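Below you'll find the structure, written out as C-alpha coordinates, and then a few comments.
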Amino acid sequence: MLKNGRPSPSSSRLSLVQRCCQASFCNQPRCGLGNDGGSFMARCVSPVARLRKRKRPLMPLTNTWPKQWASTAPMLVLAGCGDWQSALHPHGANAGRIFDLIWSFSAVAAGTWLLVMLALAAALLRRRLTETTHLPLEIDSRQERRFTRLVASAIALTVLVLVILTTMSFFAGKSIASLSGTETLTVRITGHQWWWEVRYLKHEPSQGIVTANEIHIPVGEPVKVELDSLDVIHSFWVPSLAGKRDLIPGRPSELTLIADKPGTYRGQCAEFCGYQHAHMAITVVAESREAFDAWRSRQDAAAPAPASDEERRGQRAFLSTGCALCHTIRGTPASGTLGPDLTHLASRRALAADTLAMTPGALAAWIADPQSMKPGAKMPRIALSADDLNAVVTYLGSLE
(Lines give C-alpha, C1' and ligand atoms only; values in the text may rest on other atoms or scores of the structure.)
Protein backbone atom coordinates (compact mmCIF):
# COMPACT_ATOMS: atom_id res chain seq x y z
CA MET A 1 0.00 0.00 0.00
CA LEU A 2 1.11 3.58 -0.62
CA LYS A 3 0.87 6.23 2.07
CA ASN A 4 1.31 9.87 1.07
CA GLY A 5 2.92 8.83 -2.22
CA ARG A 6 5.47 6.55 -0.51
CA PRO A 7 5.47 2.80 0.12
CA SER A 8 4.82 1.63 3.65
CA PRO A 9 7.48 -0.53 5.34
CA SER A 10 5.26 -3.57 4.87
CA SER A 11 5.06 -3.21 1.09
CA SER A 12 5.21 -6.59 -0.60
CA ARG A 13 7.13 -7.64 -3.67
CA LEU A 14 4.14 -6.80 -5.84
CA SER A 15 4.15 -3.17 -4.74
CA LEU A 16 7.52 -2.67 -6.43
CA VAL A 17 6.05 -3.46 -9.82
CA GLN A 18 2.92 -1.51 -8.86
CA ARG A 19 5.04 1.62 -8.40
CA CYS A 20 6.41 1.10 -11.89
CA CYS A 21 2.89 0.98 -13.30
CA GLN A 22 1.82 4.06 -11.35
CA ALA A 23 4.62 6.19 -12.79
CA SER A 24 3.56 8.84 -15.30
CA PHE A 25 5.65 7.38 -18.14
CA CYS A 26 3.68 4.12 -18.32
CA ASN A 27 2.95 3.55 -22.03
CA GLN A 28 0.43 0.74 -21.61
CA PRO A 29 -3.07 2.27 -21.93
CA ARG A 30 -4.72 -0.93 -20.72
CA CYS A 31 -2.82 -0.97 -17.44
CA GLY A 32 -5.64 0.79 -15.56
CA LEU A 33 -3.77 0.42 -12.29
CA GLY A 34 -4.95 3.76 -10.98
CA ASN A 35 -8.56 2.56 -11.23
CA ASP A 36 -8.15 -1.08 -10.35
CA GLY A 37 -5.10 -1.76 -8.24
CA GLY A 38 -6.23 -5.27 -7.35
CA SER A 39 -5.62 -6.69 -10.84
CA PHE A 40 -2.44 -4.91 -11.77
CA MET A 41 -0.34 -8.07 -12.17
CA ALA A 42 -2.48 -9.11 -15.14
CA ARG A 43 -1.84 -5.79 -16.90
CA CYS A 44 1.66 -4.84 -15.79
CA VAL A 45 3.80 -2.55 -17.92
CA SER A 46 6.31 -5.31 -18.59
CA PRO A 47 5.42 -7.91 -21.24
CA VAL A 48 7.87 -10.26 -19.55
CA ALA A 49 5.98 -9.98 -16.26
CA ARG A 50 2.66 -10.62 -18.01
CA LEU A 51 4.02 -13.78 -19.59
CA ARG A 52 5.34 -15.05 -16.30
CA LYS A 53 2.06 -14.42 -14.46
CA ARG A 54 -0.08 -16.03 -17.12
CA LYS A 55 -1.43 -19.44 -16.21
CA ARG A 56 -1.49 -21.89 -19.08
CA PRO A 57 -4.19 -24.58 -19.00
CA LEU A 58 -3.03 -28.16 -19.11
CA MET A 59 -3.16 -29.57 -22.62
CA PRO A 60 -5.34 -32.65 -22.93
CA LEU A 61 -3.65 -35.86 -23.97
CA THR A 62 -4.81 -36.50 -27.51
CA ASN A 63 -3.45 -38.22 -30.57
CA THR A 64 -3.08 -34.94 -32.48
CA TRP A 65 0.51 -34.30 -31.41
CA PRO A 66 2.08 -35.95 -34.50
CA LYS A 67 0.24 -33.48 -36.74
CA GLN A 68 1.26 -30.55 -34.54
CA TRP A 69 4.87 -31.68 -34.53
CA ALA A 70 4.86 -32.15 -38.30
CA SER A 71 3.64 -28.57 -38.77
CA THR A 72 5.99 -26.94 -36.25
CA ALA A 73 9.18 -28.94 -36.88
CA PRO A 74 10.07 -27.12 -40.15
CA MET A 75 9.61 -23.74 -38.44
CA LEU A 76 11.88 -24.79 -35.58
CA VAL A 77 14.57 -25.91 -38.03
CA LEU A 78 14.35 -22.80 -40.19
CA ALA A 79 14.34 -20.52 -37.13
CA GLY A 80 18.09 -21.10 -36.82
CA CYS A 81 18.72 -19.72 -40.31
CA GLY A 82 17.71 -16.13 -39.61
CA ASP A 83 20.05 -13.31 -40.53
CA TRP A 84 19.90 -11.75 -37.04
CA GLN A 85 22.26 -14.32 -35.50
CA SER A 86 23.36 -17.02 -37.91
CA ALA A 87 26.63 -18.50 -39.11
CA LEU A 88 24.87 -19.22 -42.42
CA HIS A 89 24.70 -15.48 -43.19
CA PRO A 90 28.33 -14.31 -43.06
CA HIS A 91 28.99 -10.57 -43.25
CA GLY A 92 32.73 -10.54 -42.69
CA ALA A 93 35.95 -12.15 -43.93
CA ASN A 94 36.36 -14.42 -40.91
CA ALA A 95 32.73 -15.53 -40.95
CA GLY A 96 32.97 -16.17 -44.69
CA ARG A 97 35.86 -18.60 -44.26
CA ILE A 98 34.03 -20.41 -41.49
CA PHE A 99 30.93 -20.54 -43.71
CA ASP A 100 32.97 -22.24 -46.46
CA LEU A 101 34.22 -24.79 -43.95
CA ILE A 102 30.69 -25.52 -42.78
CA TRP A 103 29.49 -26.34 -46.29
CA SER A 104 32.66 -28.29 -47.14
CA PHE A 105 32.35 -30.46 -44.04
CA SER A 106 28.61 -30.88 -44.62
CA ALA A 107 29.16 -31.97 -48.23
CA VAL A 108 31.80 -34.51 -47.22
CA ALA A 109 29.60 -35.86 -44.41
CA ALA A 110 26.62 -36.14 -46.77
CA GLY A 111 28.73 -37.89 -49.40
CA THR A 112 30.11 -40.33 -46.81
CA TRP A 113 26.64 -41.12 -45.53
CA LEU A 114 25.41 -41.70 -49.09
CA LEU A 115 28.28 -44.08 -49.88
CA VAL A 116 27.68 -46.05 -46.70
CA MET A 117 23.96 -46.37 -47.45
CA LEU A 118 24.68 -47.49 -51.03
CA ALA A 119 27.17 -50.08 -49.81
CA LEU A 120 24.69 -51.35 -47.23
CA ALA A 121 21.90 -51.57 -49.81
CA ALA A 122 24.17 -53.41 -52.26
CA ALA A 123 25.23 -55.89 -49.59
CA LEU A 124 21.66 -56.60 -48.56
CA LEU A 125 20.52 -56.97 -52.17
CA ARG A 126 23.42 -59.24 -53.06
CA ARG A 127 22.69 -61.37 -50.01
CA ARG A 128 19.07 -61.86 -51.09
CA LEU A 129 19.91 -62.68 -54.73
CA THR A 130 22.84 -65.00 -54.10
CA GLU A 131 22.30 -68.56 -52.95
CA THR A 132 25.26 -70.03 -51.12
CA THR A 133 26.13 -73.70 -50.72
CA HIS A 134 29.01 -73.06 -48.34
CA LEU A 135 28.90 -74.20 -44.77
CA PRO A 136 28.53 -71.41 -42.15
CA LEU A 137 32.15 -71.74 -40.94
CA GLU A 138 33.72 -72.46 -44.32
CA ILE A 139 36.14 -69.76 -45.53
CA ASP A 140 36.14 -68.66 -49.16
CA SER A 141 39.65 -67.43 -49.92
CA ARG A 142 38.59 -65.37 -52.94
CA GLN A 143 35.83 -63.69 -50.97
CA GLU A 144 38.22 -62.97 -48.11
CA ARG A 145 40.70 -61.29 -50.47
CA ARG A 146 37.89 -59.23 -51.98
CA PHE A 147 36.70 -58.14 -48.51
CA THR A 148 40.27 -57.28 -47.51
CA ARG A 149 40.68 -55.02 -50.54
CA LEU A 150 37.35 -53.33 -49.86
CA VAL A 151 38.17 -52.67 -46.20
CA ALA A 152 41.65 -51.39 -47.08
CA SER A 153 40.18 -49.06 -49.71
CA ALA A 154 37.62 -47.75 -47.22
CA ILE A 155 40.35 -47.08 -44.64
CA ALA A 156 42.51 -45.31 -47.23
CA LEU A 157 39.55 -43.19 -48.35
CA THR A 158 38.75 -42.28 -44.72
CA VAL A 159 42.34 -41.24 -44.06
CA LEU A 160 42.37 -39.19 -47.27
CA VAL A 161 39.14 -37.40 -46.32
CA LEU A 162 40.48 -36.62 -42.82
CA VAL A 163 43.72 -35.26 -44.30
CA ILE A 164 41.79 -33.06 -46.74
CA LEU A 165 39.46 -31.70 -44.04
CA THR A 166 42.35 -31.07 -41.66
CA THR A 167 44.24 -29.23 -44.40
CA MET A 168 41.21 -27.09 -45.19
CA SER A 169 40.79 -26.25 -41.50
CA PHE A 170 44.47 -25.35 -41.21
CA PHE A 171 44.44 -22.96 -44.14
CA ALA A 172 41.16 -21.40 -43.02
CA GLY A 173 42.63 -20.79 -39.56
CA LYS A 174 45.80 -19.41 -41.11
CA SER A 175 43.78 -17.04 -43.29
CA ILE A 176 41.81 -15.82 -40.27
CA ALA A 177 45.02 -15.36 -38.25
CA SER A 178 46.58 -13.35 -41.09
CA LEU A 179 44.29 -10.43 -40.19
CA SER A 180 45.96 -10.15 -36.79
CA GLY A 181 48.27 -7.15 -36.65
CA THR A 182 46.32 -5.14 -39.22
CA GLU A 183 43.67 -3.87 -36.79
CA THR A 184 42.84 -0.18 -36.64
CA LEU A 185 40.94 -0.37 -33.34
CA THR A 186 41.27 -2.31 -30.07
CA VAL A 187 38.31 -3.25 -27.89
CA ARG A 188 38.59 -5.09 -24.59
CA ILE A 189 35.58 -7.20 -23.60
CA THR A 190 35.20 -8.67 -20.11
CA GLY A 191 32.59 -11.29 -19.35
CA HIS A 192 30.51 -11.02 -16.18
CA GLN A 193 27.51 -12.93 -14.89
CA TRP A 194 25.53 -11.99 -16.96
CA TRP A 195 26.63 -9.02 -19.07
CA TRP A 196 29.53 -7.79 -21.18
CA GLU A 197 31.81 -4.92 -20.20
CA VAL A 198 33.21 -3.12 -23.26
CA ARG A 199 36.25 -0.82 -23.18
CA TYR A 200 37.70 1.08 -26.13
CA LEU A 201 41.37 1.39 -25.29
CA LYS A 202 43.52 4.47 -25.79
CA HIS A 203 47.10 5.28 -24.86
CA GLU A 204 45.95 5.91 -21.29
CA PRO A 205 43.60 3.23 -19.91
CA SER A 206 41.84 5.81 -17.74
CA GLN A 207 40.83 7.74 -20.87
CA GLY A 208 39.14 4.85 -22.66
CA ILE A 209 35.44 4.64 -23.47
CA VAL A 210 33.48 2.27 -21.25
CA THR A 211 30.09 0.88 -22.23
CA ALA A 212 28.20 -2.40 -21.88
CA ASN A 213 26.56 -5.07 -24.05
CA GLU A 214 26.99 -3.08 -27.27
CA ILE A 215 29.98 -2.69 -29.61
CA HIS A 216 30.32 -0.15 -32.40
CA ILE A 217 32.86 -0.87 -35.16
CA PRO A 218 33.71 0.82 -38.47
CA VAL A 219 32.76 -1.10 -41.60
CA GLY A 220 35.58 -2.75 -43.56
CA GLU A 221 38.23 -2.26 -40.86
CA PRO A 222 39.66 -5.11 -38.76
CA VAL A 223 38.98 -4.64 -35.05
CA LYS A 224 41.08 -6.39 -32.41
CA VAL A 225 38.94 -7.77 -29.59
CA GLU A 226 40.74 -8.69 -26.37
CA LEU A 227 38.73 -11.13 -24.25
CA ASP A 228 38.82 -11.95 -20.55
CA SER A 229 36.50 -13.09 -17.76
CA LEU A 230 36.35 -12.13 -14.09
CA ASP A 231 34.16 -14.95 -12.76
CA VAL A 232 33.42 -18.11 -14.79
CA ILE A 233 34.09 -19.38 -18.31
CA HIS A 234 32.15 -17.49 -20.97
CA SER A 235 32.29 -17.75 -24.76
CA PHE A 236 32.10 -14.77 -27.11
CA TRP A 237 30.31 -15.56 -30.37
CA VAL A 238 28.96 -13.25 -33.06
CA PRO A 239 28.26 -15.87 -35.75
CA SER A 240 27.71 -13.42 -38.62
CA LEU A 241 31.15 -11.87 -38.08
CA ALA A 242 33.51 -14.43 -36.50
CA GLY A 243 33.82 -17.77 -34.75
CA LYS A 244 33.63 -18.58 -31.06
CA ARG A 245 36.32 -17.74 -28.56
CA ASP A 246 36.28 -18.82 -24.90
CA LEU A 247 36.85 -16.36 -22.07
CA ILE A 248 38.70 -18.25 -19.34
CA PRO A 249 39.51 -16.40 -16.09
CA GLY A 250 43.21 -15.62 -15.93
CA ARG A 251 43.84 -16.60 -19.57
CA PRO A 252 43.27 -13.62 -21.90
CA SER A 253 42.58 -14.34 -25.56
CA GLU A 254 41.75 -12.32 -28.63
CA LEU A 255 40.11 -12.42 -32.04
CA THR A 256 39.56 -10.10 -34.99
CA LEU A 257 36.17 -8.77 -36.03
CA ILE A 258 35.52 -7.33 -39.47
CA ALA A 259 32.17 -6.43 -41.03
CA ASP A 260 31.89 -5.97 -44.78
CA LYS A 261 28.66 -3.95 -44.71
CA PRO A 262 26.73 -1.77 -42.25
CA GLY A 263 24.27 -3.53 -40.01
CA THR A 264 23.39 -4.71 -36.53
CA TYR A 265 24.60 -8.19 -35.59
CA ARG A 266 23.68 -10.13 -32.48
CA GLY A 267 26.12 -12.17 -30.44
CA GLN A 268 25.62 -14.57 -27.58
CA CYS A 269 27.55 -16.24 -24.80
CA ALA A 270 28.05 -19.77 -26.16
CA GLU A 271 29.30 -21.40 -22.94
CA PHE A 272 26.87 -22.20 -20.14
CA CYS A 273 27.82 -19.74 -17.41
CA GLY A 274 24.96 -19.89 -14.93
CA TYR A 275 21.26 -19.37 -14.44
CA GLN A 276 20.89 -16.44 -16.86
CA HIS A 277 23.26 -17.73 -19.54
CA ALA A 278 20.54 -17.44 -22.20
CA HIS A 279 20.10 -13.74 -21.32
CA MET A 280 23.72 -12.79 -21.95
CA ALA A 281 23.66 -11.32 -25.44
CA ILE A 282 25.75 -8.62 -27.10
CA THR A 283 25.04 -6.39 -30.08
CA VAL A 284 27.60 -5.34 -32.69
CA VAL A 285 26.76 -2.21 -34.67
CA ALA A 286 28.79 -1.86 -37.88
CA GLU A 287 28.67 1.62 -39.35
CA SER A 288 30.64 3.95 -41.58
CA ARG A 289 33.85 5.51 -40.29
CA GLU A 290 32.13 8.91 -40.08
CA ALA A 291 29.23 7.55 -38.03
CA PHE A 292 31.61 5.61 -35.80
CA ASP A 293 33.77 8.68 -35.13
CA ALA A 294 30.66 10.68 -34.25
CA TRP A 295 29.50 7.94 -31.85
CA ARG A 296 32.93 7.74 -30.22
CA SER A 297 33.04 11.51 -29.81
CA ARG A 298 29.72 11.41 -27.96
CA GLN A 299 30.88 8.53 -25.79
CA ASP A 300 34.06 10.41 -24.87
CA ALA A 301 32.07 13.18 -23.22
CA ALA A 302 30.94 13.07 -19.61
CA ALA A 303 27.28 12.73 -18.76
CA PRO A 304 25.25 15.88 -19.46
CA ALA A 305 24.11 17.91 -16.47
CA PRO A 306 20.42 17.63 -15.53
CA ALA A 307 18.39 20.17 -17.48
CA SER A 308 15.10 20.11 -15.57
CA ASP A 309 13.87 19.84 -12.01
CA GLU A 310 12.68 16.28 -12.68
CA GLU A 311 16.13 15.25 -13.92
CA ARG A 312 17.83 16.93 -10.96
CA ARG A 313 15.54 15.08 -8.58
CA GLY A 314 16.34 11.84 -10.39
CA GLN A 315 20.08 12.46 -10.11
CA ARG A 316 19.77 13.11 -6.38
CA ALA A 317 17.76 9.93 -5.91
CA PHE A 318 20.29 7.96 -7.94
CA LEU A 319 23.26 9.24 -5.94
CA SER A 320 21.58 8.84 -2.55
CA THR A 321 20.68 5.16 -3.00
CA GLY A 322 22.71 2.05 -3.65
CA CYS A 323 22.80 2.77 -7.40
CA ALA A 324 25.95 4.90 -7.10
CA LEU A 325 27.79 2.10 -5.27
CA CYS A 326 27.61 -0.25 -8.26
CA HIS A 327 27.40 2.01 -11.34
CA THR A 328 29.52 4.80 -12.80
CA ILE A 329 28.20 7.98 -14.38
CA ARG A 330 31.16 10.06 -15.47
CA GLY A 331 30.81 13.67 -14.38
CA THR A 332 29.06 12.70 -11.13
CA PRO A 333 30.24 11.19 -7.82
CA ALA A 334 28.89 7.78 -8.92
CA SER A 335 31.94 5.61 -9.53
CA GLY A 336 30.91 2.01 -8.83
CA THR A 337 32.48 -0.78 -10.88
CA LEU A 338 30.32 -3.79 -10.03
CA GLY A 339 27.66 -2.97 -12.63
CA PRO A 340 27.64 -1.53 -16.16
CA ASP A 341 28.75 2.04 -16.81
CA LEU A 342 25.63 4.21 -17.24
CA THR A 343 27.22 7.41 -18.54
CA HIS A 344 25.44 7.09 -21.90
CA LEU A 345 22.81 4.51 -21.03
CA ALA A 346 20.04 6.02 -23.16
CA SER A 347 22.11 5.65 -26.34
CA ARG A 348 22.00 1.85 -26.12
CA ARG A 349 19.41 -0.32 -27.80
CA ALA A 350 18.61 -2.69 -24.96
CA LEU A 351 18.79 -3.30 -21.21
CA ALA A 352 20.26 -6.15 -19.16
CA ALA A 353 22.30 -7.72 -21.99
CA ASP A 354 19.47 -7.59 -24.54
CA THR A 355 16.85 -8.90 -22.12
CA LEU A 356 14.59 -5.81 -22.41
CA ALA A 357 14.19 -3.05 -24.98
CA MET A 358 15.42 0.39 -23.99
CA THR A 359 12.07 2.03 -23.23
CA PRO A 360 10.98 4.10 -20.21
CA GLY A 361 8.54 1.42 -19.10
CA ALA A 362 11.10 -1.38 -19.33
CA LEU A 363 13.71 0.74 -17.55
CA ALA A 364 11.29 1.46 -14.72
CA ALA A 365 10.32 -2.19 -14.36
CA TRP A 366 13.99 -3.18 -14.35
CA ILE A 367 14.84 -0.69 -11.59
CA ALA A 368 11.77 -1.54 -9.51
CA ASP A 369 12.13 -5.32 -9.61
CA PRO A 370 15.06 -6.70 -11.65
CA GLN A 371 14.65 -10.18 -10.21
CA SER A 372 11.27 -10.59 -11.91
CA MET A 373 12.91 -9.85 -15.28
CA LYS A 374 16.23 -11.64 -14.85
CA PRO A 375 16.18 -13.92 -11.79
CA GLY A 376 19.57 -14.37 -10.21
CA ALA A 377 21.02 -11.12 -11.58
CA LYS A 378 23.40 -9.29 -9.24
CA MET A 379 21.26 -6.13 -9.27
CA PRO A 380 19.06 -5.88 -6.14
CA ARG A 381 15.67 -4.26 -5.85
CA ILE A 382 15.89 -0.53 -5.18
CA ALA A 383 13.45 0.97 -2.65
CA LEU A 384 12.13 4.05 -4.45
CA SER A 385 8.82 5.82 -4.20
CA ALA A 386 6.74 6.17 -7.36
CA ASP A 387 7.79 9.82 -7.74
CA ASP A 388 11.47 9.05 -7.24
CA LEU A 389 11.27 6.12 -9.64
CA ASN A 390 9.72 8.39 -12.26
CA ALA A 391 12.47 10.97 -11.69
CA VAL A 392 15.30 8.41 -11.89
CA VAL A 393 13.96 7.05 -15.19
CA THR A 394 13.69 10.58 -16.55
CA TYR A 395 17.28 11.30 -15.52
CA LEU A 396 18.67 8.07 -16.95
CA GLY A 397 16.71 8.67 -20.14
CA SER A 398 18.62 11.93 -20.62
CA LEU A 399 22.01 10.17 -20.60
CA GLU A 400 22.54 9.87 -24.35
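For this structure, a couple of remarks:
- Å² per residue, accessible surface of the stretch 234-299 at 1.4 Å: 43 Å²
- Accessible-area value, Thr186, 1.4 Å probe, nucleic acids and ligands omitted, Å²: 40 Å²
- Portion, in percent, of the accessible area of the stretch 165-323 that falls on carbon or sulfur, probe 1.4 Å: 54 percent
- Estimated dipole of the stretch 251-400 in Debye, rounded to 20 [Cβ of Lys and Arg +1, of Asp and Glu -1, Cα centre]: 240 debye
- Under 10 Å, Cβ to Cβ, from Arg188 - net charge with Lys/Arg +1 and Asp/Glu -1: -2
- Qualifying trypsin sites (Lys or Arg not before Pro) in the stretch 309-373, DSSP loop, other Cβ atoms within 10 Å at most 12: Arg349
- Taking amide H as placed 1.01 Å from N in the peptide plane, the amide H of Ile209 sits under 5 Å from that of Tyr200, each at least 5 places away or on another chain.
- Each Lys or Arg adds one and each Asp or Glu subtracts one; over the other residues with Cβ under 15 Å from the Cβ of Glu214, this totals +2.
- Order of exposure, largest accessible area first, which applies to Asp228, Asp387 with probe 1.4 Å: Asp387, Asp228
- Computed on protein heavy atoms with a 1.4 Å probe, the accessible areas place Cys269, Cys326 in the order Cys326, Cys269, largest first.
- Taking 0.36 nm per residue of separation and subtracting the Cα-Cα distance, full extension of the segment from Ala107 to Phe272 would add 56.4 nm.
- Ala156-Thr182 FRET efficiency (beta carbon distance; Förster radius 30 Å; 0.05 resolution): 0.15
- Summed side-chain charge close to Arg289 - residues other than Arg289 whose Cβ falls under 12 Å, Lys, Arg +1, Asp, Glu -1: -3
- Annotation: amide H-H contacts under 5 Å for Thr283 (H modelled 1.01 Å from N, sequence separation of 5 or more, or interchain): Glu214, Ile215, Gly267.
- Residues whose placed amide H lies under 5 Å from that of Ser235, excluding near-sequence neighbours: Leu247, Ala270, Glu271
- Whole-Hz ³J(HN,Hα) from phi, Karplus 6.51 cos²θ - 1.76 cosθ + 1.60, for the stretch 337-342, glycine and proline x: 10, 6, x, x, 5, 10
- Electrostatic dipole magnitude of the stretch 296-385 [Cβ: Lys, Arg +1; Asp, Glu -1; Cα centre; debye, to 20]: 140 debye
- Table column - 3J(HN,Hα) (Hz), the stretch 385-400, Karplus curve with 6.51, -1.76, 1.60, x for Gly and Pro: 6, 4, 5, 5, 4, 4, 5, 5, 5, 4, 5, 5, x, 8, 8, 9
The values are calculated or read from the model by the stated rules, or taken from the named source; none is laboratory data. Because the structure is predicted, anything quoted here is derived from the model rather than measured. Methodologically, a virtual Cβ is constructed for each residue, glycine included, from the backbone with ideal geometry; neighbour enumeration extends over all protein chains shown. Accessible surface is based on the protein model in full, side chains and every heavy atom, while ligands, DNA and RNA are left aside. Shrake-Rupley method; radii C 1.70, N 1.55, O 1.52, S 1.80 Å.
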